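Notes for the one structure printed next.
The values are calculated or read from the model by the stated rules, or taken from the named source; none is laboratory data. If you're wondering where the values come from, they're calculated on a predicted model, not measured in any experiment. FYI the Cβ positions are ideal-geometry reconstructions off the backbone, even for glycines, and counts take in every protein chain you see. Calculation scope for accessible area: heavy atoms of the full protein, side chains included, ligands and nucleic acids excluded. Shrake-Rupley method; radii C 1.70, N 1.55, O 1.52, S 1.80 Å.
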Amino acid sequence: MKIGVLALHGAVIEHIQILRAIGVEPVPVRLPEDLEGISGLILPGGESTTMRKLVARWGLREPIMALARSGAPILGTCAGMIIVAMEIAGGDEPVFPLLDVTVERNAFGRQLDSFETDLAMPILGDRPVHAIFIRAPIIERVGPGVEVLARLPDQRVVAVRQRNVIAIAFHPELAGETRIHRLVATMAAEYAEPGEGTEAAGTEPWSFGEVT
Amino acid sequence: MTAETSTWATKKGLAQMLKGGVIMDVVTPEHAKIAEDAGACAVMALERVPSDIRAAGGVARMSDPEMIEGIMAAVSIPVMAKARIGHFVEAQVLEALGVDYIDESEVLTPADETNHIDKHAFKVPFVCGCRNLGEALRRINEGAAMIRTKGEAGTGDIVEAVRHIRILMSEIRRLQSMREDELFVAAKEMDAPYDLVKQVAAEGRLPVVNFVAGGIAIPADAALAMQLGAEGVFVGSGIFKSENPRKTAEAIVQATLHFDNPKIIAEVSKGLGSPMRGIAAATIPEAERLAVRGW
């Protein structure tokens, strides 16, 4: 099974390495034809303004919207979360309006306010996730039908899911965290072969393996 | 659950987020907007682009804080600014302004001919230049969270950038081919900390992100740097000294992304007008070369 990683710019290789580590074949996506045959797509961290430009320039908007509408899992981390939001605070046009939330860019401030912490994320099990936030966005408004997956201690929302779309404000790919990618791989396997179960990731999807 | 700011992971991580992108030198908020609109992943705020620094001569220092703040206010992408080599007070000032990255840069006139800045002492991350692996690892040991191989800034001549990325990459490959008991001498010979040498030998790459800088003037220059192993590029004078900065900036962004696709590089290179005129690096006397600064 193949999962694509939008490879216009940003933390692409980090996601590719995690996909390889869990036994999924990663496909870097730079042009529409690269989407052929993939069962899910990861939108990595980077600069959302840069990605917005490049998505438009290379005609990726419509084919990626179609892939998402067909039910393939989409995971956005950091900038990836911004580009899947239906609304961006400050009035920027959405890029892939898939998730009924409002995000605020650079919500914590500049680089000096970047931080790391541990967060509870019950969908992944009891062990907390190590969350690295870099010039990170935040979810200001959660629409109906959007499930909150993680909050900061002050209750601000930093991870959500709406059907096949998962968005996370931090960087699991920088912390060797594989559980989120395993979840996406499980969803991708279900998308690729409905009803066929969850053999995709090669191991039990809920096992707590880590990349070393 | 405590939150920790300015950790090594966040410092190094911001550079990881810039990979595959173009960081552009800008001297005004208007330039910064053009760079952002063209798809730059970050901008470097400075008072004069390197070719003007070269032409003006004299002492090149940190930029006016007001000008840096103007650029920070104009764009939402990360803003970097340059401090002189060893000038830790300029770095303190830039940190106080809240810039996202500091470039301890040979393009400015060095303030210390022995010591670089102790970059571990800062909350803001640093990028530093190198000409070879030893220099890169010395900078990382001092706390640099990102490296750029140096070219000869302000020339529009890619030759020095090519020289240095080739040296860096071949030295990494050489370490990978060595027996473990040979790494001690390798570390001694390149004047680099043994632990970092050992890490590079094991991983086959620098412990931090590496961009190429200096002399990039056309899209093919950026793609050449990428094919030689750069993880992104800095473009200084090459954009705003060209006939059509907006188009040149966009084309360099596209060529950096599609660096291994010559058809796309050909397409984006069409009709850009004249690139910056440039100076052949080989004609520059030793004393006026910037890349040799750094110890």
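The table below lists the values:
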{"quantity": "Segments classed as strands (runs of 3 or more DSSP E), wholly inside the stretch A:24-81, with at least 1 members that are over 27 Å from B:T10 (Cβ atoms), touching a residue at least 12 places away in the same chain (Cβ under 8 Å) and open to solvent by less than 50 Å² (accessible area, probe 1.4 Å)", "calculated": "A:25-29"}
{"quantity": "Residue list for the stretch A:94-121, filter: in contact (Cβ under 8 Å) with a residue 12 or more places away in the chain, more than 12 Å from chain B (Cβ to nearest Cβ), open to solvent by 20 Å² or more (accessible area, probe 1.4 Å) and not aliphatic (A, V, I, L, M)", "calculated": "A:P97, A:D100"}
{"quantity": "Contacts under 8 angstrom Cβ, first residue in the stretch B:4-16 being within 8 Å of chain A (Cβ to nearest Cβ), partner among the acidic types (D, E), 6 or more apart", "calculated": "B:E4/A:E116; B:T5/A:D113; B:T7/A:E116; B:A9/A:E116; B:T10/A:E116; B:L14/B:D100; B:Q16/A:E14"}
{"quantity": "Residue within the stretch B:92-114 that is closer than 30 Å to B:I34 by Cα, of a type in the set (S, T, Y) and without any contact (Cβ under 8 Å) to a residue 40 or more places away in the chain present", "calculated": "yes"}
{"quantity": "From the options B:G238, B:G214, residue that is open to solvent by less than 20 Å² (accessible area, probe 1.4 Å) and at positive phi", "calculated": "B:G214"}
{"quantity": "Scan of the stretch B:140-168 for residues that are modelled with pLDDT of 95 or more and of a type in the set (A, V, I, L, M, F, W, C), ordered by number", "calculated": "B:I140, B:A144, B:A145, B:M146, B:I147, B:I158, B:V159, B:A161, B:V162, B:I165, B:I167, B:L168"}
{"quantity": "Matching helices (runs of 4 or more DSSP H) fully within the stretch B:184-276 where at least 1 residues are closer than 16 Å to B:A38 by Cα", "calculated": "B:219-227, B:237-240, B:245-257, B:262-268"}
{"quantity": "Qualifying residue in the stretch B:245-256 (condition: modelled with pLDDT of 95 or more, within 22 Å of B:R163 (Cβ to Cβ) and open to solvent by 10 Å² or more (accessible area, probe 1.4 Å))", "calculated": "no"}
{"quantity": "One residue from B:R173, B:R166, B:R139 being open to solvent by less than 50 Å² (accessible area, probe 1.4 Å), of a type outside the set (A, V, I, L, M, F, W, C) and in a helix (DSSP H, G or I)", "calculated": "B:R139"}
